[in-house]
Amino acid sequence: MSIRPDDLPLDPSLAEDNGDARRVAYGYVEDAFTEAQQDGLDSDALAHAALFAAFRTLVETYGEEATAVFAEALPEKVRSGSFTSGTRH
């Protein structure tokens, strides 16, 4: 099995076949961020830790090359607003 650059949409409502699991997982991540912030942890530190954990899991699951291919699509997704909520910077 491999991952494609568009395998993991940020907006859980866009996921299809694995939509339910991804929506639930996304909810858990959002809840974890909220709880950690309430405990005083910095959102920047949380984001970096979450990215590290996510990429580590992707590498363990799919390998370095498939994860690198997935990551190569991220700059364009960031620039095009795929991860933007609210006003753009």
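Each reported figure results from applying straightforward, stated rules to the coordinates on display, with no laboratory input. Not measured: the values here are computed from a predicted model. Using ideal geometry, Cβ is built from the backbone for each residue, glycine included, and neighbour counts are taken over all protein chains shown.
How big is the charge dipole of segment 41-89 about its Cα centre, in debye rounded to the nearest 20, if each Lys and Arg gets +1 on its Cβ and each Asp and Glu gets -1 on its Cβ?
Here the size comes out at about 260 debye.
Potential lengthening of the chain between GLU76 and PHE52 amounts to 6.7 nm, from the contour at 0.36 nm per residue minus the alpha-carbon distance.
From the P(r) of segment 12-79, could you give the percentage of C-alpha pairs in the tail past 13 Å?
Values: 1674 of 2278 pairs.
Considering segment 12-79, 73 percent of its Cα-Cα pairs are separated by more than 13 Å.
Whole-Hz Karplus values for segment 39-55 come out as 7, x, 6, 6, 5, 5, 5, 4, 4, 5, 5, 5, 4, 4, 4, 5, 5 Hz, taken residue by residue from phi with 6.51 cos²θ - 1.76 cosθ + 1.60 and θ = phi - 60°; glycine and proline positions read x. Ordering LEU46, ALA73, THR34 by the projection of their Cα atoms onto the charge dipole of segment 12-79, which places +1 on the Cβ of Lys and Arg and -1 on the Cβ of Asp and Glu, puts ALA73 at the extreme positive end.
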